[in-house]
Amino acid sequence: QVQLVESGGGLVQAGGSLRLSCAASGRTFSSYTMGWFRQAPGKEREFVAVINYIGSKTYYPDSVKGRFTISRDNAKNTVVLQMNSLKPEDTAVYYCAASRTLTTVGRGYDYWGQGTQVTVSS
């Protein structure tokens, strides 16, 4: 079983940056694909970033590519989402999730954090 806790959300002006962290518990953390998803009010959950179990592969949708970076430190059981050049449309609750396979589909993830709010003002 894996437990995930996100932190680092908050209010930032457009063009600013935020660093989200996900702390994981569990002795098998290093075997999981880790992803970030977000959900804005009235909208469907959206894939944001994913990194494979050893951190050698990452994928991003066009909406965030070049602005967001996902990374992991298996020794510390942490995953980070660095968000730069933030836009108002990035406003959402951001979730960290763990999967046994490399996928961008939310239903493919077995464990989810509670979420952290990111608000970008214009």
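Per the 1.4 Å probe, what fraction of the accessible area of the chain, in percent, lies on carbon and sulfur atoms? Using a 1.4 Å probe with all protein chains present, the chain comes out at 46 percent carbon and sulfur.
Roughly how many Å² is the accessible area per residue of the chain, as a whole number, for a 1.4 Å probe? Please list the in-between numbers first.
Numbers: 6450 Å² over 122 residues.
With the other protein chains kept in place, the chain gives 53 Å² per residue.
Each Lys or Arg adds one and each Asp or Glu takes one away; over the other residues whose Cβ falls under 12 Å from the Cβ of Met34, this sums to 0.
Non-local lysine pairs in the chain, meaning eight or more places apart or on different chains, with alpha-carbon distances under 25 Å, amount to 5.
Highest mobility in the GNM of the chain, judged by mean-square fluctuation with C-alpha springs under 10 Å and restricted to Ala98, Ala49, Ala40, is found for Ala40. D by Stokes-Einstein for the chain, Kirkwood Rh over Cα pairs, 37 °C, 0.692 mPa s: 232 µm²/s. What you get for the chain, charging only the Cβ of Lys and Arg (+1) and of Asp and Glu (-1), is a dipole of about 220 debye around the Cα centre.
Taking amide H positions as modeled 1.01 Å from N, with prolines and chain starts lacking one, the residues under 5 Å from Ala49 and 5 or more places away or on another chain are Trp36.
The values are calculated or read from the model by the stated rules, or taken from the named source; none is laboratory data. Bear in mind the structure is a predicted one, so any value in this text is a computation, not a measurement. All Cβ positions, even for glycine, are placed from backbone atoms using ideal geometry, and neighbour counts span all protein chains on display. When the accessible area is computed, the model is the full protein with side chains, heavy atoms only, and any ligands, DNA or RNA have been set aside. Shrake-Rupley method; radii C 1.70, N 1.55, O 1.52, S 1.80 Å.
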